[in-house]
Amino acid sequence: MVKNKVRKNNAKNCEIILDQLAKEYPSAKSELDFTTPFECLIATMLSAQCTDQRVNMVTKELFAKYKNPKDYLNTNAGQLEKLIKSCNYYKTKSKHIIEACKILVEKHDGTVPNSRDTLMELPGVGRKTANVVLSNAFGLPAIAVDTHVFRVSNRIGIIEAKDPLKAEEQLMQVIKKNRWSDAHHWLILHGRRVCKARKPSCEKCIVSEWCVYYQKINDGGAQ
């Protein structure tokens, strides 16, 4: 793994920042509704460019009708599209879900693998989705870098990365492995509730004391 330069001052303060976020979001977990690794996989695939709330509305009916990968093979893209139409990119997602289910049945006896590389062999499953499944469905340590995690960790100054892969590598350096999954959820919730993309609520932020972005604002620097 390529190691990336991390800001020294924030790497040192990372534990303090995470401790504060842990206190602020003590029950942080995935906001997607699922009961099995397979449901977690499907819900996560649907969540791309779509809110968790919308996905949960869709999967309530979807999971009642389709219980396992074989069930999806008894339908077609058009039928599935009708059920997930309110999700963005529903046509592509429908195609990927059916193709992924076919692979799960043919190569994995209908079970979801707990290997990142194997998960990423499924259509529509990238590194972020694979990490979400590993963390939430199997309880394995992983950091899924979505838009919230990428924005918040860079903005606070925990990392200094220009793309999600480098962000993941840096986060894995500065965060202890046993906190990877929790940190993922803390950063997501902080991004949704406080450190928003367009207008962060710095006055409400419990980590502003250690935040590079906030320091720049107070010093009159560029936002």
Filter segment 138-159 for residues that are in contact with a Lys or Arg (Cβ under 8 Å, 6 or more places away or on another chain) and either closer than 12 Å to Cys40 by Cα or of a type outside the set (A, V, I, L, M, F, W, C) (or both); which is surrounded by the most Cβ atoms within 10 Å (Cβ to Cβ)? Gly157
Would you confirm, using the coordinates I've provided, whether Ser135 is closer than 14 Å to Phe38 by Cα and surrounded by 15 or more Cβ atoms within 10 Å (Cβ to Cβ)? yes
Lys67 out of contact with any strand residue (DSSP E or B) (no Cβ under 8 Å at 6 or more places or on another chain), of a type in the set (D, E, K, R) and outside any helix (DSSP H, G or I): yes
Examine segment 15-31 for a residue that is closer than 15 Å to Trp186 by Cα, among the β-branched types (Val, Ile, Thr) and either part of a loop (DSSP other than H, G, I, E, B) or touching a residue at least 40 places away in the same chain (Cβ under 8 Å) (or both), and state whether such a residue exists. yes
Among the residues of segment 74-120 satisfying the criterion of being assigned to a helix (DSSP H, G or I) and among the basic types (Lys, Arg), which is surrounded by the fewest Cβ atoms within 10 Å (Cβ to Cβ)? Lys82
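We did not get these values from a lab; they are worked out from the coordinates using the rules stated. Here the structure is a predicted model, which is why all the values come from computation and not from measurement. Counting neighbours? That spans all protein chains shown, and the Cβs are built from the backbone with ideal geometry, glycine included.
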